Amino acid sequence: MNTWIALLRGINVGGNNILPMMELKKALESLSLTNVKTYIQSGNIVFNTPSTNAKKLSSKMSSLIEDEHGFRPHVMLLNCQQLQVAVNSNPFVEIALSHKSLHFYFLNEIPAAPDLKALEEEKSASEVFALLGRVFYLYAPDGVGRSKLAARVENYLGVEATARNNRTVQKLLIMASELHGK
């Protein structure tokens, strides 16, 4: 059995794309996903399935949500190893004491031509960032909501992304590790 972490983009944000997690859990179980667990209301799901095809599974999940709720969120899937590598590769462990200040942007793919110069010019004096493979790390001690860089990450990287703060990433890693043994 494979353990997957699903990150849904743009749900339950600002009163848009409302998707109650209990309804989502039941809907996903209809796809023969097992041990479905959600974390907070922003579209974080951990589950088991025999499927090994992330692209096909992601498409099925998006289609199901569209059929039942009228909008099609982007669903990014990570396996346990990918999430663990993202956490282990975090270059800001020492400076990111606040879970809310550090964000992981999970990217659809490795950016072919990221505009690192524009990213550097956009960041505030207190912010630092790093791009490592399919993860963009942003430490924004003044708050990600105030960050001009945070709002433009996808534009400068040229790929679709979904972000989670460090606390959420750590919790998802624990949840996935617990399911992985089942």
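The values are calculated or read from the model by the stated rules, or taken from the named source; none is laboratory data. All values reported here derive from a predicted model rather than from experimental measurement. Cβ coordinates were reconstructed from backbone atoms using ideal geometry, including for glycine residues, and neighbour counts include every protein chain displayed. Each accessible area value is taken on the protein alone, full model and side chains, heavy atoms only, with ligands, DNA and RNA left out. Shrake-Rupley method; radii C 1.70, N 1.55, O 1.52, S 1.80 Å.
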Quiz item: Can you tell which of ILE95, VAL36, LEU149 lies farthest toward the positive end of the dipole of the stretch 36-182, using +1 and -1 charges on the Cβ of basic and acidic side chains (Lys, Arg; Asp, Glu)?
Solution: VAL36
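Leaving out ligands and nucleic acids, note down the accessible area per residue over the stretch 10-71 with a 1.4 angstrom probe, in whole Å².
Normalised by residue count, the accessible surface of the stretch 10-71 is 53 Å².
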Exercise. Filter the cross-link list LYS26/LYS100; LYS123/LYS171; LYS25/LYS60; LYS25/LYS171; LYS56/LYS171 down to pairs whose alpha-carbon distance in this structure exceeds 20 Å.
Key: LYS26/LYS100; LYS123/LYS171; LYS56/LYS171
Quiz item: What does the charge add up to near LEU78, with Lys and Arg as +1, Asp and Glu as -1, over the other residues with Cβ less than 12 Å from its Cβ?
Solution: +2
Exercise. Report, as a whole number in µm² per second, the diffusion coefficient that Stokes-Einstein gives for the stretch 20-153 at 20 °C and 1.002 mPa s using the Kirkwood radius over alpha carbon pairs.
Key: 128
Quiz item: How far apart, in nm, are the 7 Å Cα→Cβ label points at ALA118 and ASN155?
Solution: 0.7
Quiz item: Ignoring ligands, DNA and RNA, what percent of the accessible area of the stretch 43-132 is carbon or sulfur (1.4 Å)?
Solution: 51
Self-check item: Base-10 log of normalised Debye intensity for the stretch 1-74 (one unit scatterer per alpha-carbon) at q = 0.14, 0.15, 0.21, 0.23 Å⁻¹
Solution: -0.38, -0.43, -0.88, -1.07
